[in-house]
Structure formats: C-alpha cells, structure tokens
1. Conditions: (1) modelled with pLDDT of 85 or more; (2) over 21 Å from the mean Cα position of the chain (by Cα); (3) of a type in the set (G, A, S). A20 meets all but one. Number of the miss?
2. If you scan segment 1-49, which residues turn out to be in a helix (DSSP H, G or I) and among the hydroxyl-bearing types (S, T, Y)?
3. Does segment 2-52 hold any residues that are exposed (fewer than 10 other Cβ atoms within 10 Å of the Cβ) and among the β-branched types (V, I, T), and which are they?
Amino acid sequence: MNRKKKINQTLKSKAKKANAKLHGHNKPKYISKDERARLALEEVQASPIAAD
C-alpha cells in the first residue's frame with residue numbers, strides 16, 4: 001500500500017471514530033433475560049391487584 005493511501009486511510013478512520021463518538025447512541029441498554037424476569041416479578045408483587 002503506498003504512503004498516501006495509508007495516510008488517508010488512517011485519517012479517515014480517525015475522523016469516522018470521532019464522528020461516531022459525537023452522535024448519541026439510540027440503542028437501549030441490554031437487560032438480560034433473568035433481569036427482565038426479576039423486574040417483572042417485582043412489578044407483579046408491588047401492584048396490589050385483587051385476583052378473586
């Protein structure tokens with residue numbers, strides 16, 4: 001790979017990483033299956049619903 005191409009590739013990759021860092025992440029934080037089940041159980045126990 002010639003010198004110009006390598007320099008441009010390096011600069012492009014750094015710019016791309018910097019640009020990606022500036023933008024916020026839209027993806028929600030991962031919650032494991034076990035954690036979701038535990039939260040659902042707590043929610044059911046906390047809400048006083050009459051099950052007559």
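The values are calculated or read from the model by the stated rules, or taken from the named source; none is laboratory data. Remember, it's a predicted structure, so these values are computed and weren't measured experimentally. For neighbour counting, all protein chains shown are included, and Cβ atoms are generated from backbone atoms with ideal geometry for every residue, glycine included.
1. So the condition that A20 fails would be (2).
2. Those that are in a helix (DSSP H, G or I) and among the hydroxyl-bearing types (S, T, Y): T10, S13.
3. V44, I49
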